[in-house]
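In what follows, a structure is listed as structure tokens, so that the remarks can point back to it.
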Amino acid sequence: MAGLEDLYREIILDHYRSPRNKGSLETPPAHKTEGFNPLCGDEIVVYLVLDDNDTIVDIKIGGQGCSISQSSASMMSAAVKGKSVAEARKMMASFKAMMSIHESDIGGDGSEAEIGIGGIDASDPAELKLGDLEALRGVVKFPVRIKCATLSWNTLNQAFEELSAG
Amino acid sequence: MTFDVQAIRKDFPILHHLQDGRRLAFLDSAASSQRPIQVIEAMDLLYTTSYANVHRGVYRLAERATNAFEAARSKVAAFIGAPSHDEVVFTKNATEAINLVAGSWGRANLGPGDAIVLSLLEHHANIVPWQMLAAEKGFEIRWLGLTADGQLDLTDLDRLLDGAKLLGVTAMSNVLGTLTPIRVLADAAHDRGALILVDACQSVPHQPTDVVEMGADFVAFSGHKMLGPTGIGVLWGRAELLDAMPPFLGGGGMILNVTTEGFIPDAVPAKFEAGTPPIAEAVGLAAAIGYLENIGMDAIRRHEIELTSYALRTLHERLGDSLVIHGPCEPAPRGGVLSLELLDVHAHDVSQVLDEHAVAIRPGHHCAKPLMRHLGVPATARASLYLYNDTDDVDALADALVAAREFFAP
Ligand SMILES: Cc1ncc(COP(=O)(O)O)c(C=O)c1O
């Protein structure tokens, strides 16, 4: 039986209480994408600025939600800031793998398949450096909360799709 | 007879299961109730002795099934004070019942320049069907607002109803527990020539219902919130309205005749029951109604008022200002639904800790986003009470909330 401590690690509560990159950015130049968890009403707004080399030069997170969705968004923003879109996508794949979501499991959903994790063995997350995000590993034991943890990543993914679609 | 919760609990097998060795405090009946063994056995009995498709069959099994199904319709009719059992239409759930009114009556009667009025207390089930139809037909949806303590604000009612063709309103809010003054609303609507559709999903399970006394034109509710099975709901409508309405879904069972040129619909209620209906579910619902009647709806309402008062008092004593309880602060104008907001702890996290303490409540927007927005809260933790809940459940809730507050304290 998984205990609450598996879910609510200290670092998660820290990100929840003091979220990183909280706020908004002017659009344009920033790109704004909203993500919803229709089950619980959690909302994540990702403001993203890419430079010409597809580097994430700035990111801010708006919205509201539970400690898991908010801390996950905060950790994600810290992890991807300064990284390229390609690197962020790799992290996304490893994060989802840590959440036991393997892209092949999702099946049939084109948008997920496009994430393109080629070459990365996402099933072995130990190989990947997720940093603080590792603290969310315990969420897997609480299946209903996986959607909370992945909301920000799915929103970021949607932002990438929108940007690449022009 | 005193209300014997412990005797009632014995009838609900699911409540005997322990969670981590603890008694489960099931406080989510507003989403769906549990069901007594009598309901489960009634459905088993049908399936093991008397099941066949209803109507049309001439063999005895089919006749028994048809009789059981139609007896269930009469049982529902008597339970809600319907003048005729033909006014009781079986649907899949309350949502489908409301969609039926929108798709049939609404489609035939609403167009550009028309208006309907909905209240801010409504469940999405009584909002979205109208928005879908409005997008197609171009009528206006007006909103009846709320007072500070979550009751309907009637000051603007007459102005809102002016020129409106329908008032759609819940009899009891599934978020705040607010009981609405249906008779007053019905009279006001009728004075302005409008009809009233009552979403009675939360009220029918918890208090006596008389559709005539309510002054309603349409009443919708679901079986699964009143000790019955899933997959069955009810639309009650006044006979002359139902008679005049076009069919909703088309198919077998709803026609008098079909040719290559077209069809002639059957009379109500068959007109609105296309396809094989929820047969065992109807029998289960009738058994649930029998169970409720044995205990008495007045007694159930009294029990819930008492338990709600106890809960309001206990939660206030144990949690003070760290807990906001939305909605009416007195137990009289409310049902046993408590929307809770623990300061600085999100409803989702509250529910997670509560589960650890074997307390089952529901976090979220409860399918009432316009209401949540009005309250200015993204989500609440909702605890709801029913006939099988007792003060131990409320105490377990209070203990678990105190634990949640401590767990998340900075
Ligand atoms: C007030 C109210 N109306 C409608 C519904 C919809 O009921 P169902 O999902 O059974 O159709 C509910 C249930 O959640 C409700 O509480």
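Bear in mind these aren't lab numbers, they're just calculated from the coordinates by the rules spelled out. Because the structure is predicted, anything quoted here is derived from the model rather than measured. Cβ atoms come from the backbone with ideal geometry, glycine included; neighbour counts cover every protein chain shown.
As a test, work out the antiparallel percent of DSSP beta bridges whose residues both lie in the stretch B:40-293, rounded to the nearest 5. In the stretch B:40-293, approximately 45 percent of DSSP beta bridges are antiparallel ones.
The mean count of C-beta atoms from other chains within 10 Å of the C-beta of residues in A:30-42, rounded to a whole number, is 3. Pairs of C-alpha atoms in the stretch B:19-89 farther apart than 14 Å represent 73 percent of all such pairs.
Once you order the gyration tensor axes a ≥ b ≥ c over the Cα atoms, which shape class does chain B get: rounded for a/c under 1.5, otherwise prolate or oblate by comparing a/b with b/c? Taking the square roots of the gyration eigenvalues as a ≥ b ≥ c, chain B is oblate.
The packing ranking of peptides B:389-401, B:333-345, highest mean first, is B:333-345, B:389-401, where packing means the average number of other beta carbon atoms within 10 angstrom of each residue. Electrostatic tally near B:Gln207: other residues with Cβ closer than 15 Å to its Cβ, Lys and Arg +1, Asp and Glu -1, net -2. Charge tally around B:His303: other residues with Cβ under 12 Å, Lys/Arg +1 each, Asp/Glu -1 each, net -3. Considering only the other residues whose Cβ falls under 13 Å of the Cβ of B:Asp390, what net charge follows from Lys and Arg at +1 and Asp and Glu at -1? Overall, the nearby charge balance is -3.
Shape of the stretch B:198-246 from the C-alpha gyration tensor: oblate (a/c of 1.5 or more and a/b not above b/c, with a ≥ b ≥ c the square roots of its eigenvalues). The mean number of Cβ atoms from other chains found within 10 Å of a Cβ in peptide A:139-150 is 1, as a whole number.
Separation of the stretch B:174-240 and the stretch B:354-410, taken as the distance between their Cα centroids, equals 26 angstrom.
Within the listed set B:Glu273, B:Glu317, B:Glu281, the Gaussian network model of chain B (springs between alpha-carbon atoms below 10 Å) gives the highest mean-square fluctuation for B:Glu317. Within the set B:Lys92/B:Lys271; B:Lys92/B:Lys225; A:Lys32/A:Lys81; A:Lys96/A:Lys141; A:Lys60/A:Lys147, which residue pairs have Cα atoms separated by over 18 Å? Going by Cα-Cα distance, A:Lys60/A:Lys147 fall outside the 18 Å limit. The modelled label-to-label distance between A:Lys83 and B:Val58, using points 7 Å beyond Cα along the C-beta direction, is 7.4 nm. Only Cα pairs under 8 Å and 6+ residues apart enter the sum, and on that basis the relative contact order of chain B stands at 22 percent. Determine the shape class of the stretch B:296-408: with a ≥ b ≥ c the square roots of the Cα gyration tensor eigenvalues, call it rounded for a/c under 1.5, and otherwise prolate if a/b is greater than b/c, oblate otherwise. Oblate.
By the helix-only formula, in which each DSSP H run with n ≥ 4 contributes -39500 (n - 2.57) and the sum is divided by residues, chain B has a 222 nm mean residue ellipticity of -11000 deg cm²/dmol. Residue by residue along B:343-350, Cβ atoms of other protein chains within 10 Å of the local Cβ number 6 on average.
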